[in-house]
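Chemist: Below: one structure in structure tokens.
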């Protein structure tokens, strides 16, 4: 190994979020974003790209949190506003508003979906030991889409299971009807 290769290898042993990324097989990276002054994270392996907000084509009869669709290089991508899905106050979209385009896994395969968030924050490396389970908030609050909670730099990050969170948006509406 040349000196340049050795130096380059040492440089790649960088730290993100206070955790070394090399040699730790239990470490996973999460892209974090801000909504309503809270920080959320998604597995960076599911992130396809980050885009600025652009107008969408509304889809009639869709839920309020589905803003519409965009054509992303020939793929029609549904755009979900997480503020609306989480019942947070609506805000005007600004130059900081972004769409995180994600690969979401479902039982019948993988789909591309976008989520609108206030701003992208950071990338953190976290081990499963860094994460605490979501608190049980009773039957009235669904926390199935929360993978865990992590403390980083004296702040709490809510790690989302994006597949579980967006699964209900892609189900057949007939499956969602309650049968009495």
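Chemist: Which one of these does residue 105 not meet: (1) crowded, with 17+ Cβ neighbours inside 10 Å; (2) in contact with a helix residue (DSSP H, G or I) (Cβ under 9 Å, 6 or more places away or on another chain)?
Modeler: Among (1) crowded, with 17+ Cβ neighbours inside 10 Å; (2) in contact with a helix residue (DSSP H, G or I) (Cβ under 9 Å, 6 or more places away or on another chain), the lone unmet condition for residue 105 is (1).
Chemist: For the structure I just gave you, tell me whether residue 139 is in a helix (DSSP H, G or I), more than 16 Å from the chain's Cα centre (by Cα), at negative phi and modelled with pLDDT under 80.
Modeler: When the stated conditions are applied, residue 139 does not pass them.
Chemist: Test each condition in (1) modelled with pLDDT under 90; (2) surrounded by 11 or more Cβ atoms within 10 Å (Cβ to Cβ) for residue 14 and report the one that comes out false.
Modeler: For residue 14, the failing item is (2).
Chemist: What's the number of the condition residue 148 fails, among (1) touching a helix residue (DSSP H, G or I) at 6+ places or on another chain (Cβ under 9 Å); (2) surrounded by 15 or more Cβ atoms within 10 Å (Cβ to Cβ); (3) within 19 Å of residue 35 (Cα to Cα); (4) at pLDDT 90 or above?
Modeler: It fails just one condition, (4).
Chemist: State which residue is modelled with the highest pLDDT when the search covers only region 69-87 and only residues that are surrounded by fewer than 15 Cβ atoms within 10 Å (Cβ to Cβ) and under 17 Å from residue 166 (Cα atoms).
Modeler: 76
The values are calculated or read from the model by the stated rules, or taken from the named source; none is laboratory data. Remember, it's a predicted structure, so these values are computed and weren't measured experimentally. Because the Cβ atoms are built from the backbone with ideal geometry, glycine has one as well, and the counts that use them run over all protein chains shown.
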